[in-house]
Amino acid sequence: MNSPLALLGGEPVITHAGPHFSWPPLDEQSEAAVVRQLQDNISIYDRSGVIERLEDELCEYHGVTHAVLTSSGTAALHSMYAACGLGPGDEVIVPAYTFFATVTPLLHLGAVPVLADCDESGNLDSKDVAQRITERTKAVVVTHMWGVPAAMQALKAITDEHGLMLLEDASHAHGASIDGQRVGTFGRAAAFSMNGPKPLSAGEGGFVLTDDDEIYYRVLLHGQYNKRCRSELPRDHPLYEYAVTGMGLKFRIHPLAAALALDQLGRLDHYLTGRATTAAYLCERLSELPGVIVPELPLGVRASWYGLPLQYAMNELDGLPVERFHQALQAEGCREVDRPGSTCPLNWLPLFQRPETLFPGYADKMSYSPGDFPNAEAIHRNTLKLPVWHREEDMPLVDKYINAFRKVTENYRDLLG
Ligand SMILES: *Cc1c(COP(=O)(O)O)cnc(C)c1O
């Protein structure tokens with residue numbers, strides 16, 4: 001390829017206008033499902049209709065006893081933490097590298113988040129977790145970043161050894177698994193988002209999974225008051241007297257969102273199979289190029305590929321800054337190559353540096369600074385994220401993205417100096 005880089009005035013590799021990727025994949029079947037629900041019922045107070053069907057299918061898909069749908073992933077996390085009894089005086093070890101909503105509900109409950117660094121995979125490092133355990137630690141929360149399962153065996157060994165709860169934020173990782181065991185089933189409970197771009201999408205929504213009856217009752221009391229609580233808590237349960245009000249929050253999912261998610265869940269494994277093929281192809285081709293490190297999955301691990309997180313290795317391209325490399329790819333028409341913004345090391349965000357302006361109780365409880373989590377910060381700085389297409393018909397575009405990467409890595413010297 002001798003043509004000059006598009007960033008320097010040459011012809012871009014990809015010329016067709018976007019979008020190059022859209023999610024979730026919607027078709028007539030999805031539309032029909034939503035229209036049917038519109039005609040049937042758009043306000044469901046109990047566990048009936050589409051709520052019951054989707055919760056049952058989520059239980060079956062994951063092999064768990066209870067699923068509770070919520071209005072968002074943030075709400076699911078909030079209910080899960082409340083149900084697990086996390087509150088004032090408790091420390092909860094969380095990833096420094098995650099989307100902030102993994103952690104922010106803890107601030108509303110008065111629990112203290114203790115950030116921990118990641119390993120080279122970008123997921124929570126069990127060794128760093130072990131060092132942050134104190135007598136106040138009650139739980140460890142893990143996020144499966146970009147859909148790649150975290151090292152659950154090592155994490156579980158530590159939480160078991162110390163008698164801590166293990167909780168999952170599986171919002172990136174619907175359907176991902178380790179040795180056939182789906183993420184969301186490794187700990188006491190798990191929370192998922194079904195926000196727009198997530199592997200399983202309701203547009204907006206979320207859910208909690210658990211095998212534990214008591215956690216299930218408390219998830220209901222936290223955000224699903226009255227009818228659901230009255231019909232699902234046993235009458236002789238000590239918490240039954242609170243069934244009418246619950247804890248007074250309302251986190252119900254919209255039935256139209258549930259109908260969409262039910263339609264998508266039936267096709268999730270098909271999507272993931274397509275993504276696995278594309279991800280393997282992209283990794284094979286991109287790993288040949290200097291400056292690009294592709295994720296490696298341990299044997300038996302299946303990812304959901306919410307994104308394909310590539311690591312940029314500046315040293316392999318004579319110190320070319322990642323910003324310049326990214327600009328060059330964008331100029332070649334790779335508009336979907338993303339440097340994640342709001343999903344960043346949490347110690348970079350004002351909320352985790354100076355929480356007291358918004359959460360006065362945290363004045364002397366939490367104060368992080370840039371530099372606190374070297375692995376998370378280096379990984380974040382060098383992450384270039386690609387979407388993982390699932391359809392055969394997208395492969396020509398995938399090839400163009402690969403060609404654009406090749407062109408930039410072959411001509412990177414033109415960008416130096
Ligand atoms: C999307 C996401 C959330 C929040 O979910 P919402 O449905 O947007 O509230 C939480 N954690 C992670 C890791 C996420 O990606």
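Derivation of every value follows stated rules applied to the coordinates shown; laboratory data play no part. Not measured: the values here are computed from a predicted model. All Cβ positions, even for glycine, are placed from backbone atoms using ideal geometry, and neighbour counts span all protein chains on display.
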Looking at the chain, identify the longest residue range that excludes and avoids all chymotrypsin sites (Phe, Trp or Tyr not before Pro) in DSSP loops having at most 15 other Cβ atoms within 10 Å. 46-417
Computed for the range 28-265: size of charge dipole around the Cα centre, +1 on C-beta of each Lys and Arg, -1 on C-beta of each Asp and Glu, debye to nearest 20, value 620 debye
What FRET efficiency comes out for the pair Arg324/His16, r = Cβ-Cβ distance, R0 = 22 Å, nearest 0.05? 0.35
At 7 Å along the Cα-to-beta-carbon direction for both Glu120 and Glu57, put a label point, then send me their distance in nm to one decimal. 4.1 nm
Taking each pair of different alpha-carbon atoms in the range 28-265 once, compute 1/r for the pair, average those values, and report the inverse of that mean as the Kirkwood hydrodynamic radius in Å to one decimal. 17.9 Å
If you wrap a convex hull around the alpha carbons of the chain, what volume per residue comes out, as a whole number of Å³? 149 Å³
7 Å from Cα along Cα→Cβ at both Asp399 and Arg235: what's the point-to-point distance in nm? 6.8 nm
Counting only DSSP beta bridges with both residues in the chain, what percent are antiparallel, rounded to the nearest 5? 60 percent
In deg cm²/dmol, rounded to the nearest 500, the helical mean residue ellipticity at 222 nm of the chain, built from -39500 (n - 2.57) for every DSSP H run of length 4 or more, is -10500 deg cm²/dmol
Ranking of Lys127, Lys407 by count of other Cβ atoms within 10 Å, fewest first: Lys127, Lys407
Filter the cross-link list Lys198/Lys385; Lys127/Lys365; Lys385/Lys407; Lys156/Lys385; Lys138/Lys365 down to pairs whose alpha-carbon distance in this structure exceeds 25 Å. Lys156/Lys385
Helix hunt in the chain: which complete DSSP H runs extend at least 24 Å axially by C-alpha with mean Kyte-Doolittle at least -0.5? 268-286
Within a 10 angstrom radius of the beta carbon, how do Lys250, Lys198 rank from fewest other beta carbons to most? Lys250, Lys198
Give the order of Val114, Val142 when sorted by the count of other beta carbons within 10 angstrom, beginning with the fewest. Val114, Val142
Could you grab the relative contact order for the chain? Cα pairs under 8 Å, six or more apart, rounded to a whole percent. 21 percent
